[in-house]
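Please read through the structure below; I'll follow up with questions.
The values are calculated or read from the model by the stated rules, or taken from the named source; none is laboratory data. These figures come from a predicted structure and were not determined experimentally. Counting neighbours? That spans all protein chains shown, and the Cβs are built from the backbone with ideal geometry, glycine included.
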Amino acid sequence: MLLLLVRHGQSMGNVEGRIQGDNDPLTDFGRSQAQAVAEAMKQRGDVTNLYASPLDRAMETAAIIGAAVGQTPVPITGLAEINAGRAAGLLWADWRDQNPELAERMANRTVDDGWEGGETGNQFGYRVLAAYDEIVTRHVGTDDVVVAVGHGGSLAWIAAKAHGDPLDVWPMARAGFENCSISQLLVDDKGHGEPGAWNQDGHLAGLVER
């Protein structure tokens, strides 16, 4: 199977610098990005399945892709971004000002640390990788081309596993997914994912944010 990882389009929270929650919509530019990645998937002509985080920004991106490739997005809860608990919706700058000690600790956090009222790194990574394993189990040993729309944080855990990184630390180095970029994982018959072309964004060339 070929797994194509896509980060959602630009969201209002991305632009405003917010700690994002569940109901963060795409911007107009984010929708343009989603249209561009949808056209790239349509041109491939081989997408067989489409999964997405259930959060608004990912599902909206996936719906645009789905309309182009004739697939209805299937929500996978485990692909969602980390639950930021009581901090969700706050501006990052305001949260840091209001919680300086917590902000300092979170800047150097371990996987045992997490958001107040939300998830720890261990909880987040466990559910993301369980979702990844679920998708692989469904399609391993096939020629399926599977699109999974997620978030910078959730896709980073998948990237860390695919690249053989230790999974007992936050995968900060793997979190650099551009909005609506495409990253390829070729999964063999034993379920091992081999990274291919990564963080591709050529299909976004020419888009101008207004």
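Tell me, please, whether a residue that is more than 23 Å from residue 189 (Cβ to Cβ), surrounded by fewer than 19 Cβ atoms within 10 Å (Cβ to Cβ), of a type outside the set (S, T, N, Q) and under 16 Å from the mean Cα position of the chain (by Cα) can be found in the range 114-126.
Checked the range 114-126: at least one residue is more than 23 Å from residue 189 (Cβ to Cβ), surrounded by fewer than 19 Cβ atoms within 10 Å (Cβ to Cβ), of a type outside the set (S, T, N, Q) and under 16 Å from the mean Cα position of the chain (by Cα).
Something else now. In the range 100-149, what count of residues is obtained for those that are touching a residue at least 12 places away in the same chain (Cβ under 8 Å), assigned to a loop (DSSP other than H, G, I, E, B) and of a type in the set (S, T, N, Q)?
Residues flagged as touching a residue at least 12 places away in the same chain (Cβ under 8 Å), assigned to a loop (DSSP other than H, G, I, E, B) and of a type in the set (S, T, N, Q) within the range 100-149 amount to 2.
Let me ask something additional. At pLDDT below 95 and touching a helix residue (DSSP H, G or I) at 6+ places or on another chain (Cβ under 6 Å): does that describe residue 64?
On the way: at pLDDT below 95: no; touching a helix residue (DSSP H, G or I) at 6+ places or on another chain (Cβ under 6 Å): yes.
Considered against the rule, which asks whether it is at pLDDT below 95 and touching a helix residue (DSSP H, G or I) at 6+ places or on another chain (Cβ under 6 Å), residue 64 comes out as no.
Let me ask another. Any idea which of (1) in a helix (DSSP H, G or I); (2) of a type in the set (D, E, K, R); (3) more than 18 Å from residue 153 (Cα to Cα) is the one residue 57 doesn't satisfy?
Against the list (1) in a helix (DSSP H, G or I); (2) of a type in the set (D, E, K, R); (3) more than 18 Å from residue 153 (Cα to Cα), residue 57 comes up short only on (3).
Next question, about the same structure. Considering every residue within the range 179-192, establish whether at least one is in a helix (DSSP H, G or I), farther than 19 Å from residue 136 by Cβ and under 16 Å from the mean Cα position of the chain (by Cα).
No, every residue in the range 179-192 fails to be in a helix (DSSP H, G or I), farther than 19 Å from residue 136 by Cβ and under 16 Å from the mean Cα position of the chain (by Cα).
Here are some residues: 38, 130. Which one is surrounded by fewer than 22 Cβ atoms within 10 Å (Cβ to Cβ), at pLDDT 95 or above, hydrophobic (A, V, I, L, M, F, W, C) and out of contact with any strand residue (DSSP E or B) (no Cβ under 7 Å at 6 or more places or on another chain)?
Working: 38 fails: surrounded by fewer than 22 Cβ atoms within 10 Å (Cβ to Cβ).
Checking each option against the conditions leaves just 130.
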